[in-house]
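Scroll down for the structure; my scribbles are underneath it.
The values are calculated or read from the model by the stated rules, or taken from the named source; none is laboratory data. Note that this is a predicted model, so its numbers are computed, not measured. Every residue, glycine among them, receives a Cβ derived from its backbone with ideal geometry; neighbour counts consider all protein chains shown. SASA here: full protein model, heavy atoms, side chains in, ligands and nucleic acids out. Shrake-Rupley method; radii C 1.70, N 1.55, O 1.52, S 1.80 Å.
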Amino acid sequence: MDLILPVLDTTVRLAIPLLFACLAGLFSERAGIFDIGLEGKMLAAAFFSAALAAVTGSVWLGLLAGIAASITLSAIHGIASITFRGNQLISGVAINFLAAGLTVLIAQDWFQQGGRTPSLIGGARFETIDLPFAEALSGVPIFGQIYADLISGHTILVYVGFLCVPLTWWILFRTRFGLRLRAVGENPAAVDTAGISVVWLRFAAVGICGILCGLAGAYLATGLQAGFVKDMSSGRGFIALAALIFAKWRPWYALYATLLFGFLQALSLRPDVVELIFRVPMPVQFLDALPYILTVVILAGFVGKAIPPKAGGEPYVKER
Amino acid sequence: MALDADTAGRPSPAAPDQTAPAIELRGISKAFGPVQANKDISIRVMPGTIHGIIGENGAGKSTLMSILYGFYKADAGEIFINGQKTEIPDSQSAIRSGIGMVFQHFKLVENFTVLENIILGVEDGAMLRPSLAKARKTLKDLAAEYELNVDPDAVIEDLSVGHQQRVEILKALYRQAQILILDEPTGVLTPAEADQLFRILARLKEEGKTIILITHKLREIMDATDTVSVMRRGEMTATVKTSETSPEQLAELMVGRKVLLEIEKQPAAPGRMVLEVENLQVIDDQGVERLKGVSLHVRAGEILGISGVAGNGQTELLEVLGGITKGTGSVRINGEEIDLTGKHSDGRTRRHRGIAHVPEDRQREGLIMDFFAWENACFGYHDDPSYNRGMLTDNDAIRGDTEKKIEKFDIRPANCWLTAKNFSGGNQQKIVVAREMERNPEILLVGQPTRGVDIGAIEFIHKQIVALRDAGSAVLLVSVELDEILSLSDRIAVMFDGRIMGERLPVETDERELGLLMAGVDKVPAGVSEVEAVEANLDAAAREG
């Protein structure tokens, strides 16, 4: 228990940015807009949240700046792929390059610390929250330990992330907006002939995607780490996409998939635990590679058939 | 006679009926770039009637109705609904004006349930639950009122095409449509399902709904409509009472000249066995069995017609015989086995064995739309010695040959330097047919020879197919048009769900019997009506597929 709990605790913390990004992709792709720019949006949000937090000393202003940056990139993706019916993959790739280059450039120009922001301290970071009675219950075996060490003691964004899962499910499957959003990703012509604006719906979905990516990036820089460093999203946007496919575009499965990836990432931080469990030393490099290997396996379609939203990736053009 | 091309369809000062027309269009025009799809069209549709709009492919019927449904905006003209001048800038306004449309390609979300599809866009409030409950109740009432039974919780992709169409009609009724437009509604239905549809339409008419039926099938117009408007090349050429016209007259109005609706042909004189197919099976990329053991044969000098609703394995049958897909089983040409899976299972080897193929989808498989007519006219035969000089193609020879084909098949415009996309559907088809027939093949495989082809060209292509038969070739004809199958074939095989359901002689069968076979019904079980048997079978097939 004393070995496992810290690994699971790390799992939770590492899964959260993946979860936000995965749900972001879920909204966008369910509406028929493929988004491989999750990575870039996270990175931009990470930088701007850290930068604003560093300058103002307020993590909340940082969070807002991160979300604003991410939404801006989303809007570019939306204009390119919805308004101008451009290729969604190309637009996504462009956003990734843009974010990777611009964040470092601006960071260097602004802070002159080699493309990073100053380390965040105090109110410029999200503090961990101790849930009620965590201290008192920590002595109780198993349940108390789990409550005190695993469930309690995270930043607010972790709890927001977990709440986003049922919220996403509820929006998609219990509301009018969700019905229309799913419909526009499957058959935009059905939505159009029902007299609903395809463009508006898709922009709404892309906007939500922007907000969630903003949360993912802000968590990276102001929750998980204390400041922005170059390329700090390190492929998490792509891992989130793999998780999304693995999850078959469903919110609860997205939670499980991102927890699995988070667990693999957590393992690579604790080779000693792995060695204790398997009784053989594992090369750290192999453990580091595990999440990416799983990503490749999933994207290559080895884990069953995942059927994406039918109209995904296709710009909507009226036809007779 | 009510036929007067000049005044028909125009609002006349002394209308015999004092009630306002449900729909009146005045001077509607619409152009797509240089193409004038609708030219100054005026039409009046009286309430409580079924009004047919007939015309060939590309005559502008669908464009006109899309304007009425707010899908396109007219360049000029006015729309009156129940006597009120109405602007219809988008589908929402059309729905508000009481217009419902059943498109040729259904606008349904395939992985949604029937109920979800019905409420999409007209939900009551932000939450789904109350809307779904209300729709469930309304649907029950509508089903009882119009005999439109569909399981509200069924997922669309599990429903047969006929039931999907019902969902589209229910969608319109749920939106309280008073005017229902149906665009080519029977194209994908078996005859029994089509009959059922027309019963529903009659019922809707009794309840006071106005129905516009767009079709290119003369028979449906004669059977189902009260009045009919004829369109030709973007213009409304006439509006007549159905009871005062005849199929021949309508055909003439559609085409602009007299047409022969019947094909003149002598009885067949079948000779030696040309094509023998035994237990042919095809499994597609998704692992679905498309052909489940098909056996058939065609002799020299006879036409075997394969009938069936689209998507029951006919496409795969043509493709495997033509060398486009692989299959298992045995296929013999003149007694010699052909390679179905190995490296000789390609189209080129098939052509050398005397198999010519007019594919179902001419624009995707028969032609390269951006290539010149003369290039298209030699594809597949480009390695013929007469087209080559050493390493190089002899383009002059190909062009000379193409010009002969253009003349013989009356391809218009008669210019081999035009690209394929510059020809009309009928003339494109003539290019393909000319290319495949001119080699006097042992057997001609021909799929949907007249799909999207104007009546004049249909007549011509049919004559050519019969002439090829009389010259001693075997012909395997696949068509979803029952009329075409019945009039051209010497024998008819019906396909359903990847199998041959049965074989009949045209003189010994009729549309009813073939229609049942097309739905997989060999014998109607006792105590069950034909329609019930058909629907049960099609639903089972939809769920399985």
Looking at B:Gly380, B:Gly426, B:Gly400, can you tell me which residue is open to solvent by less than 40 Å² (accessible area, probe 1.4 Å) and assigned to a loop (DSSP other than H, G, I, E, B)? B:Gly380
Quickly run through segment A:109-119 and pick out the residues that are open to solvent by 70 Å² or more (accessible area, probe 1.4 Å), within 27 Å of A:Leu212 (Cα to Cα) and not polar (S, T, N, Q). A:Trp110, A:Arg116
Select, from B:Ile181, B:Ile212, the only residue that is under 22 Å from B:Leu250 (Cα atoms) and in contact with a His (Cβ under 7 Å, 6 or more places away or on another chain). B:Ile212
Say whether the condition of being out of contact with any Gly (no Cβ under 8 Å at 6 or more places or on another chain) and at positive phi is met by at least one residue in segment B:177-190. yes
On the basis of being open to solvent by 60 Å² or more (accessible area, probe 1.4 Å) and of a type in the set (Gly, Ala, Ser), does B:Ala269 make the cut? yes
I'm trying to understand the selection: among the residues of segment A:223-264, which are among the polar types (S, T, N, Q) and modelled with pLDDT of 95 or more? A:Thr258
Taking segment A:90-100, which residues are open to solvent by 40 Å² or more (accessible area, probe 1.4 Å) and either farther than 18 Å from A:Ile33 by Cβ or not in a helix (DSSP H, G or I) (or both)? A:Phe97
Residues being buried (at least 20 other Cβ atoms within 10 Å of the Cβ) and either within 8 Å of another protein chain (Cβ to nearest Cβ) or over 30 Å from the mean Cα position of the chain (by Cα) (or both): count how many of those fall in segment B:82-91. 1
Return yes when A:Glu39 is open to solvent by 10 Å² or more (accessible area, probe 1.4 Å) and within 13 Å of the chain's Cα centre (by Cα) and no when it is not. yes
Scan segment B:118-141 and report the pairs whose first residue is more than 10 Å from chain A (Cβ to nearest Cβ) and whose second residue is in a loop (DSSP other than H, G, I, E, B), with Cβ atoms within less than 7 Å and a gap of 6+ or a chain change. B:Pro130/B:Asp124; B:Lys134/B:Asp124; B:Arg136/B:Pro152; B:Leu139/B:Pro152
Assigned to a strand (DSSP E or B), surrounded by fewer than 22 Cβ atoms within 10 Å (Cβ to Cβ) and away from chain A (no Cβ under 14 Å): is that true of B:Gly48 in this structure? no
Look through A:Leu276, A:Leu299, A:Leu269, A:Leu294 and report the one residue that is open to solvent by 70 Å² or more (accessible area, probe 1.4 Å), at pLDDT below 90, of a type outside the set (Val, Ile, Thr) and under 30 Å from A:Trp170 (Cβ atoms). A:Leu299
Top-ranked residue in segment B:298-353 [being in a loop (DSSP other than H, G, I, E, B) and among the polar types (S, T, N, Q); ranked as surrounded by the fewest Cβ atoms within 10 Å (Cβ to Cβ)]: B:Thr341
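Residue by residue through segment B:451-462, note down the ones that are on the phi < 0 side of the Ramachandran plot, of a type outside the set (A, V, I, L, M) and either open to solvent by 20 Å² or more (accessible area, probe 1.4 Å) or not assigned by TED's automatic domain parsing to the domain that holds B:Lys405 (or both).
Answer for segment B:451-462, where residues must be on the phi < 0 side of the Ramachandran plot, of a type outside the set (A, V, I, L, M) and either open to solvent by 20 Å² or more (accessible area, probe 1.4 Å) or not assigned by TED's automatic domain parsing to the domain that holds B:Lys405 (or both): B:Arg451, B:Asp454, B:Glu459, B:Phe460.
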Strands (runs of 3 or more DSSP E) enclosed by segment B:63-151 - at least 1 residues per element that are hydroxyl-bearing (Ser, Thr, Tyr): B:84-86
Within segment B:156-260, strands (runs of 3 or more DSSP E) holding 2 or more residues that are within 29 Å of B:Leu120 (Cβ to Cβ) and in contact (Cβ under 8 Å) with a residue 60 or more places away in the chain: B:179-183, B:210-215
Any residue at all in segment A:219-230 that's basic (Lys, Arg), within 28 Å of A:Arg116 (Cα to Cα) and not in a loop (DSSP other than H, G, I, E, B)? no
Would you be able to tell me the number of residues in segment A:279-291 that are modelled with pLDDT of 85 or more and surrounded by 14 or more Cβ atoms within 10 Å (Cβ to Cβ)? 5
Just checking, which of B:Ala59, B:Ala94 is crowded, with 21+ Cβ neighbours inside 10 Å and under 18 Å from A:Ala189 (Cβ atoms)? B:Ala94
What number of residues within segment B:11-45 are in a loop (DSSP other than H, G, I, E, B), under 23 Å from B:Ala94 (Cα atoms) and at pLDDT below 90? 3
Every residue from segment B:104-117 that is hydrophobic (A, V, I, L, M, F, W, C) and facing chain A (nearest Cβ under 8 Å): B:Leu108, B:Val109, B:Phe112
Tell me which of these A:Ser152 doesn't satisfy, since it passes every other one: (1) at pLDDT 90 or above; (2) within 23 Å of the chain's Cα centre (by Cα). (1)
Yes/no for B:Ser62 being facing another protein chain (nearest Cβ under 10 Å), among the polar types (S, T, N, Q) and touching a residue at least 60 places away in the same chain (Cβ under 8 Å): yes
Filter result (of a type in the set (Phe, Trp, Tyr) and in contact with a Ser or Thr (Cβ under 9 Å, 6 or more places away or on another chain)) within segment A:85-126: A:Trp110, A:Phe111, A:Phe126
